[in-house]
Structures are given as structure tokens and as C-alpha cells.
Amino acid sequence: MLLELEKISLAYGRIEALHGISLTVGQGEVVALIGANGAGKSTTMRAISGLRPLSSGAIRFDGQDITRLRADLRVVRGVSQSPEGRGIFPGMSVRENLEMGAYTRRNRAEIDEDLDRAFGLFPRLKEREKQSGGTLSGGEQQMLAVGRALMSRPKLLLLDEPSMGLAPMLIQQIFDIIVEINQQGTTILLVEQNAQQALSRAHRAYVLETGRIVKEGTGAELLHDPAVKDAYLGVA
Amino acid sequence: MSDTAVATEKPKTSFRGSGGVRGWFGRQPGWVRAVVALAAAALAFLLPYVGDIPLIGPQLITEGIDWPSALFNMSYYVLLALGLNVVVGYAGLLDLGYVGFFAVGAYGTAILTSKDSVLYSHTGWAWLAAVPVALAATMLAGLILGWPTLRLRGDYLAIVTLGFAEIIRIVATNTQTFRGDRGFTGIPHPPGTWNGKVIFGVTDAIPYFWLGLVVIIAVIFGVRNLDRSRVGRSWLAIREDEEAAEIMGVRTTKFKLWAFSIGAFIGGLGGVLFAGEQGFINSSTFVLQFSILVLAGVVMGGSGNMAGAILGGALISYIPDRLRGISVGGTDLYEYRFAMFGVVIIIIMILRPQGLIPSRRRAMELKDRAKEVAPL
């Protein structure tokens with residue numbers, strides 16, 4: 001297993017947001033985490049990236065315990081996140097944002113290679129290379145956030161709501177790219193409210209409800225699960 | 001250089017592409033920029049003789065305070081603005097207690113040199129010998145303030161820094177060792193003789209101004225190099241989005257501490273110069289108002305931009321000094337200096353909210369934040 005969460009709990013002050021979540025992500029998989037607002041999806045992502053300390057439980061990555069590892073060192077180990085709300089640096093140009101993604105790396109030739117790769121995945125970003133991140137449209141910012149997260153050459157890519165606020169056409173496109181990134185060899189853990197898309201693209205998925213995992217299965221299984229259909233896919 | 005430039009179809013991301021003086025300057029080859037910078041520095045050294053320029057000169061120089069002294073005041077205000085600009089402008093950490101570091105620098109010098117100091121029998125050092133120790137003390141103070149405030153953001157950080165400066169002032173006011181209002185007398189001046197005469201005397205402030213200028217130029221170079229390095233990139237990322245910076249692998253705690261201690265160091269430089277020129281310091285110099293004034297200077301000049309900080313720092317010292325000794329209808333304008341000054345700041349902030357010489361990135365960040373407050 002590339003990533004293993006073992007009964008992790010996390011609290012904001014006195015309010016516990018995650019109550020002992022366990023999940024695994026295998027090498028090469030796309031795993032989706034679906035659930036309603038406030039279910040704890042983003043909190044789980046923040047815990048994996050090391051932005052919030054756990055109150056109990058353990059996180060293992062690539063065979064090693066990273067529960068207490070600093071956030072910046074997790075990036076070095078190969079965890080990268082495209083955060084909720086995109087977290088674009090508004091005053092930096094598109095290129096500078098991408099370079100920021102390669103902050104932990106030193107090899108200039110490799111970084112340039114990855115810049116080309118990001119521009120290849122998102123030709124739109126190439127057109128906007130010198131433009132400030134803050135002036136981009138929502139869709140462009142999303143592409144930039146994903147492209148930037150790839151710049152650290154992660155083993156595990158965490159995508160928090162990549163489809164949020166995007167037009168339907170763009171949602172299709174961004175999921176196509178996610179699949180493409182995965183096929184190029186990057187393992188992906190995906191948080192989504194757009195359950196339809198997430199489940200049809202993911203190998204496996206977990207359903208999160210008020211800080212607990214209530215269901216898990218392959219994407220196809222959950223897509224046809226009556227309870228999931230009812231709660232997250234909208235009744236047709 | 002108007003604010004609307006960022007909102008047009010193809011926004012300019014670099015001042016190099018834009019018009020105006022900065023646009024022109026940015027497009028020049030390195031040697032032209034070097035010559036222009038040198039010329040500007042040379043002109044700055046000639047500032048004490050501005051009064052000799054026919055017609056305009058006498059309008060510019062101060063009346064109620066001798067011009068070289070006003071220039072020296074400007075020089076340490078500029079230093080403070082440069083230092084605060086690192087903390088507030090670069091790293092985005094709102095520090096309302098910056099005067100604390102100025103105080104540590106000045107008191108550090110005083111306690112090691114003045115005959116009033118409890119340490120006098122042990123130390124009684126020359127000014128220059130006290131400088132490195134005083135500066136080390138300010139950097140340490142920066143770390144001491146920085147460490148517990150690392151987890152704080154925005155308003156909370158501002159309040160803690162405010163408290164920090166007040167603690168220093170109150171300790172200075174109420175302890176025997178720091179002598180409160182009585183202060184420290186006989187702090188030695190900087191060393192050096194020229195043609196058998198002491199350079200840094202009591203009557204002539206010009207050498208002090210020049211010394212301040214040399215220090216300012218050194219600070220500009222130091223900060224500029226930092227800003228263009230990985231450290232500057234880290235500060236920028238922290239300022240624009242601290243959480244995103246962390247996700248990129250920036251060790252935010254380390255770089256915030258760097259910002260605090262470098263800012264403190266520069267503030268301390270202002271303090272040791274001040275103590276060396278005045279020869280006397282007491283606790284009433286280091287009031288809260290001082291911190292607010294310097295912050296106002298940085299914001300007014302253009303937070304995040306060194307040229308802006310320099311201009312802002314110079315103005316917060318120059319404007320009140322210029323009002324000194326002018327009376328209109330029997331009332332001295334100096335008494336109304338802060339009222340008039342307040343009006344000037346309000347006008348500037350209405351007309352140029354990003355400051356007189358804005359940082360382009362900051363302008364972008366402000367727009368971005370405005371979007372968060374009122375989504376489209």
C-alpha cells in the first residue's frame with residue numbers, strides 16, 4: 001500500500017472532525033472519497049498533507065510512518081496536494097506558481113522537463129504563462145492547481161474538489177486529465193462532491209459521513225449502490 | 001502604472017512591460033540601471049545642501065529644526081520602514097510593535113556604553129564595540145517574539161506584537177536598570193577623526209546622516225539579495241497563501257522566524273544609530289505611536305516594495321519636521337502635525353490604496369482578497 005490511514009482522528013479545538021478513519025490507497029490506483037459538505041473530506045486531505053496534527057491514529061506512506069512528520073518533509077517524500085479552493089498564489093505568474101510547485105527540488109533540467117509536461121497537459125496554462133494567478137478564470141486556476149501539484153513529482157497526488165465551480169464541459173475535461181495523469185504513473189486520492197464523475201473514474205471509493213467511513217467498494221459498485229444513488233447521485 | 005492596468009484584457013505581470021518611470025527603468029540594461037542607482041545614491045549624499053538650490057531649496061528644507069538633523073531623523077525612519085517592510089511587506093506578518101526592536105537596539109547600546117548603566121564598571125564600551133552586541137540582542141528579541149507567535153495569524157499576531165512592544169516600554173519605564181524617564185546620558189558617539197577633528201560631534205548632524213545613508217544602502221543590498229533568493233520566494237508564498245506554501249514544501253515556521261529576526265536586526269540598526277547620535281535615550285521615546293507611524297509609512301509608501309518603504313519612511317519623518325516652526329495666525333502648525341499628517345495619509349490611501357509606489361504583486365493580492373469578500 002502506498003498510503004494507509006489507520007483509525008485517524010482529528011479535532012478542531014474540542015470538536016472532533018474525524019472519528020477513526022481507516023483507508024488505503026494502493027500503488028497506481030485512483031481512489032475517490034465522496035461525501036456531503038462537512039463530512040470531513042478536506043480535513044482528511046489536510047491530515048495526510050500534515051497541515052493539521054492528529055489526535056490519534058497513524059498515517060503510513062510508502063512503508064514508513066509519517067504521522068508526526070512535518071508538512072514540508074512530506075512533500076519531499078512524495079505527497080502533493082491541490083488544495084480545496086485551489087490555493088493559487090495570486091500575485092505570482094502562472095509560471096511562478098508552477099515553479100513554486102517544484103520548491104523542494106533542485107535539478108533545473110528535470111524541473112524544466114516537468115514544466116513542459118504541465119504545459120503539455122494544460123496548453124491553456126502555456127498561453128497564460130506570464131499572467132498573474134489571480135487574474136485566471138476558475139477553470140484555469142483549477143488546472144494551475146493540479147499542474148502545480150504535479151511539479152513536485154509526487155508519488156501520491158491529493159486532489160481536493162478538482163471540479164468545484166467548473167462548467168460541465170470543463171469538469172469532463174479535468175477528469176480526463178486526472179485519468180491521464182494516473183495512466184502516466186501517479187497514484188491519486190480524490191475528494192469530490194461530484195460523485196457521478198468521481199465514481200465512474202475511480203478504481204475504488206470510500207463514502208464519508210460525519211467523520212466516519214460508512215461504505216467502501218469499487219467505483220462501479222458504489223455507482224450502482226441504491227443508498228449511494230439516493231444520497232449522492234441525485235434521483236434520476 | 002495605474003491600478004486599472006491589472007484589470008485590462010492582457011494584464012501586465014511585470015513592471016518591465018509597462019510605461020512610466022519604473023517601466024523604463026526595468027527595460028534598461030544592467031549597466032544603465034547601475035549608473036542610475038549610483039547617481040541616485042550620490043544625490044542622496046548631497047541632500048544636506050539642498051537649501052543652497054536657488055528658489056526651490058529654501059521651500060524644501062525644514063525651518064523649526066536644522067535641516068541635517070531632520071535628514072538624520074529621516075534616515076533612521078527609513079531604516080525602520082525598510083525593516084518593517086520585510087516583516088509586513090514581504091512575509092505578510094502584521095507587526096504593530098516594531099518599535100520594540102528599535103528600543104532593544106538603542107537600550108542595548110546605552111546599557112553597554114553609558115556611565116549611567118549598572119554595567120558601566122564592567123563595560124563602558126565604545127559605541128562601535130556595543131553595536132554588534134546590541135544587534136545580536138535585537139535579533140534574539142526577534143526570535144523570542146517570533147517563536148510563540150508562529151501559529152498566530154492576522155489580528156491575533158498584531159495584538160501579540162503590540163503587547164511585546166508595550167512590555168519593553170513598561171520594563172524600560174519601571175525598572176531601576178533601565179532608568180525609566182531619567183534615561184541614559186553620555187552614550188558615546190560613533191568613532192573617527194578627520195583632519196584632527198572628531199567626525200561625529202554634537203553640533204553637526206551631517207556626518208550622522210551620511211552614516212545612516214551608508215547603512216541604508218547596505219540594508220537595501222542585503223534585503224534585495226534576500227528577496228531574490230529562495231528566502232524571498234518563501235516569504236512571498238507565505239504572504240500570498242500560507243497553507244498553500246506549506247503544501248508546496250515551504251517550511252513556513254523557519255521563514256517566518258527569518259523575517260522576524262531580519263526585521264528586528266534592521267530595526268536594531270536604527271536604534272543603535274539613534275542612540276549614537278542623540279547621546280541620550282529614555283523610555284518616552286519608544287511609545288506605541290512610533291510603531292503605528294512607521295507602519296503608516298510602509299503602507300503609505302507601498303508595502304512590499306523597497307522604494308515605497310523608503311519614500312514612506314522618509315515622508316513620515318519629513319512632513320512633521322517640515323511643519324515645525326511654521327505659524328499661521330499665531331498658532332504653530334507643529335502642534336497640529338499629526339492631525340494634518342492624518343489628513344495627508346487618508347488622502348493618499350484614497351487616491352492610491354496600494355501606496356505611492358505600489359508592489360504589483362501586492363496589488364494583485366488585494367484584488368484577490370476583495371474577490372473573497374464579495375464574490376462575483
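The values are calculated or read from the model by the stated rules, or taken from the named source; none is laboratory data. All values derive from a computational prediction rather than experimental measurement. Counting neighbours? That spans all protein chains shown, and the Cβs are built from the backbone with ideal geometry, glycine included.
Some notes on this structure:
- The listed residue being within 20 Å of the chain's Cα centre (by Cα) and either closer than 30 Å to A:Arg212 by Cα or at pLDDT below 95 (or both), out of A:Thr43, A:Thr135: A:Thr43
- B:Glu365 being crowded, with 23+ Cβ neighbours inside 10 Å, charged (D, E, K, R) and assigned to a helix (DSSP H, G or I): yes
- Condition met for B:Phe209 (more than 14 Å from chain A (Cβ to nearest Cβ), part of a helix (DSSP H, G or I) and either under 18 Å from the mean Cα position of the chain (by Cα) or not β-branched (Val, Ile, Thr) (or both)): yes
- Screening B:Ala218 with (1) surrounded by fewer than 23 Cβ atoms within 10 Å (Cβ to Cβ); (2) under 20 Å from B:Arg360 (Cβ atoms); (3) more than 10 Å from chain A (Cβ to nearest Cβ) gives one miss only, at (2).
- Residues satisfying the stated conditions in region B:126-149, i.e. over 22 Å from B:Glu166 (Cα atoms) and touching a residue at least 40 places away in the same chain (Cβ under 8 Å): B:Ala126, B:Trp127, B:Leu128, B:Ala130, B:Val131
- Count of residues meeting criterion [of a type in the set (A, V, I, L, M, F, W, C), assigned to a helix (DSSP H, G or I) and free of Cβ contacts under 8 Å to residues at least 24 places away in the same chain] in region B:324-362: 9
- Residues of region B:233-249 that turn out to be part of a helix (DSSP H, G or I), over 24 Å from the mean Cα position of the chain (by Cα) and within 7 Å of chain A (Cβ to nearest Cβ), as a count: 4
- All positions within region A:73-117 that are more than 8 Å from chain B (Cβ to nearest Cβ), in a helix (DSSP H, G or I) and under 19 Å from B:Gly92 (Cβ atoms): A:Glu96, A:Asn97
- Residue in region A:63-72 that is crowded, with 22+ Cβ neighbours inside 10 Å and touching a helix residue (DSSP H, G or I) at 6+ places or on another chain (Cβ under 8 Å) present: yes
- Just one of the listed residues (B:Gly279, B:Gly329) is over 18 Å from the mean Cα position of the chain (by Cα) and surrounded by fewer than 16 Cβ atoms within 10 Å (Cβ to Cβ), and it is B:Gly329.
- Any hit, region A:127-143, residues being among the basic types (Lys, Arg), touching a residue at least 40 places away in the same chain (Cβ under 8 Å) and crowded, with 16+ Cβ neighbours inside 10 Å: no
- Subset of region B:23-54 [closer than 20 Å to B:Ile217 by Cα, surrounded by 10 or more Cβ atoms within 10 Å (Cβ to Cβ), out of contact with any Ser or Thr (no Cβ under 8 Å at 6 or more places or on another chain) and of a type outside the set (A, V, I, L, M, F, W, C)]: B:Arg33, B:Pro48, B:Tyr49
- When residues in region B:250-267 are screened for being crowded, with 24+ Cβ neighbours inside 10 Å and facing chain A (nearest Cβ under 9 Å), 1 of them pass.
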